1. For region 136-165, how many residues are part of a strand (DSSP E or B), modelled with pLDDT of 95 or more and touching a His at 6+ places or on another chain (Cβ under 7 Å)?
2. Please list, ordered by residue number, the strands (runs of 3 or more DSSP E) wholly in region 1-93 having 2 or more residues that are without any contact (Cβ under 8 Å) to a residue 40 or more places away in the chain and open to solvent by 10 Å² or more (accessible area, probe 1.4 Å).
3. Restricting attention to region 524-575, which residues are assigned to a helix (DSSP H, G or I), in contact with a Gly (Cβ under 8 Å, 6 or more places away or on another chain) and open to solvent by 20 Å² or more (accessible area, probe 1.4 Å)?
4. Of all the helices (runs of 4 or more DSSP H) wholly in region 218-311, which have at least 2 residues that are over 18 Å from the mean Cα position of the chain (by Cα)?
5. What helices (runs of 4 or more DSSP H) lie completely within region 392-468 and have 1 or more residues being open to solvent by less than 60 Å² (accessible area, probe 1.4 Å) and within 21 Å of residue 303 (Cα to Cα)?
6. Here are some residues: 331, 316. Which one is part of a helix (DSSP H, G or I) and aromatic (Phe, Trp, Tyr)?
7. Condition test on residue 308, is it open to solvent by less than 20 Å² (accessible area, probe 1.4 Å) and over 28 Å from residue 593 (Cβ atoms)?
8. Among the residues of region 101-128, count how many are outside any helix (DSSP H, G or I) and buried (at least 23 other Cβ atoms within 10 Å of the Cβ).
Amino acid sequence: MCGIVGVVGNSNAASILIEGLKHLEYRGYDSAGIAILSPDGQQIVKEKGKIRNLEAAIDWDAVKGTCGIGHTRWATHGAPNQLNAHPHQADKVALVHNGIIENHTALKVQLSKSGHKFLSDTDTEVLAHLIEDFYDGDLVHAVQLALGVVEGAFGIAVTHVDEPDLIVGARKGSPLVVGVGEGMNYLASDVAAIMEHTRQVIYLDDGEMVTLRPEGINITTISNEEVKKEIQEITWDLGQIQKGGYEHFMLKEIFEQPQTIRDSFRGRILTDSGDVKLGGIELNEWELRNIRRIVILACGTSWHAGLVGEYLLEEYARVPVEVEYASEFRYRSPIIEPGTLCLVMSQSGETLDTLEAMREAKRKGAKVLGITNVVGSTIARESECGVYIHAGPEIGVASTKAFTSQVTILGLITILLGRRSHLSAERGTEMLQELEKLPALVQKVLDQSDAIKEIAKVYANHTNCLYLGRGVNFPIALEGALKLKEISYIHAEGYPAAEMKHGPIALIDPQMPVIVIATRDGSYEKIVGNVQEVRARDGKIISIVTEGDTAIAELSDHVITIPATMNFWTPLLSVIPLQLLAYHIAVFRGEDVDQPRNLAKAVTVE
């Protein structure tokens, strides 16, 4: 959620920090700040709102120093204002923090009795005071002692005026990455913040801490045991996180989907034998044939992708599947039986709820397979095996291309497992050949963006919307509704079309747009009836139909067509118009599409 940047070396720290924070804006935030150390002391500048506000508040002639830390805050404890913005200060200590200190109330009472004065409403300030309380000339030791007392999750960067060439970082449940340079070293919550300066990085694991000085870094556990870590090289280009001529990152990422879907399956399909090869799945043939149950753990958009996977896996691989909200999984004493495979899905690979659910599944003996987009992320490192979706950096907070890449990977896993049970080589080949056509078919849908924009203009000022789908398109209805909610702030709900009669039909009137995903499949005749029910109550109907459809088109106020494909891959086409519709509506409403209010790209708190 929040963003951290730190730098120590021989260059102007303030400009590097501001530049790094700008690369983290996509994560979602409501305030920002920096702390700069120099031999003359410490300067802290922080402001509510966008980084441009912080940049304007800095006296660039006065803020000099080669060591500093910066932060973008997404409010948890305390309102989003200047006082609660990070860095927080306690005497000579400055600290930035991602996560939550769960026992901050008790610690605050204890520290207040000792004479500490608190200025903010945050849990983070308590940790700064705790470190200051333990400080006796050794910042590393003070941080270790303080972290032995606090409970909760943290990714922190800490400085002290008396040690002006030192940054101490530590993590538990919130990501931190170290950037290694020559005479300059960096710390960040996301490689995007530092990759303009170095591509050599080290990912910290939970329970580890790092000291950064101009001359080098040292990594230990928080309990001061030595740790050997490998340096990894970032291979993607910074240009991939630029807008490339598009008005918004979200629109760019929607239009990247022909390529990202192709990247998801490239080199992984064996069309001639109707089979799939996923190198990250370290299961032998016996294990693959003896999977008795699959549990998919995810949140938000990834959970919707998991629901699509449930339809695919049960129908074509004949394995029972449960899709669980990761945030609920570990709190309900889940039953994990022998032969259970857990698919753990997160775009960032850092979603805390999903990470903790994965750890609980492992504790209970499940085989865990991670599906994530970010190389080196915590889920990628801690899962026993896994598959990268290869969607590239996704900057827009509302996920689009990661969703379709996740669905593509779930389709490949379905074919992989199906071919080890009842799925014939001929059928597998047919499915893979159809997949190879998908990028071109997605482009045909994207070519309708201007027409979808005209539909969006009609409904931009409505306040409610209903999305309906059946079968594998029901999760797409949920995802479409989520996209509209996330970026336009219009209330929207997704339902199985047949469930409309069990409540939501009461809402249907001329002011209620109803988006119906009504592609040609086994339930087509049923959904025609559902559309007629909406029509009879004067609801406004926007239908997503297969090219050549006439029955539903005649009943609809607006029609968007998608090319015909086998039902297995339909979600990869039917979701595209819903992404575009949500995007264009949000733009017409004047909303901040890439950084919607209250949301964050990587949700690293419970």
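The values are calculated or read from the model by the stated rules, or taken from the named source; none is laboratory data. Bear in mind the structure is a predicted one, so any value in this text is a computation, not a measurement. Cβ coordinates were reconstructed from backbone atoms using ideal geometry, including for glycine residues, and neighbour counts include every protein chain displayed. Protein only, heavy atoms only, side chains kept; ligands, DNA and RNA dropped before computing areas. Shrake-Rupley method; radii C 1.70, N 1.55, O 1.52, S 1.80 Å.
1. Of the residues in that region, 1 qualify.
2. Working: elements: 3-8, 31-38, 41-48, 67-73, 88-90.
The strands (runs of 3 or more DSSP E) meeting that bar are 41-48.
3. 567
4. 257-265, 285-289
5. 401-418
6. Numbers: 331 fails: part of a helix (DSSP H, G or I).
None of the others qualify; the one that does is 316.
7. Working: open to solvent by less than 20 Å² (accessible area, probe 1.4 Å): yes; over 28 Å from residue 593 (Cβ atoms): no.
No, not satisfied.
8. The total comes to 3.
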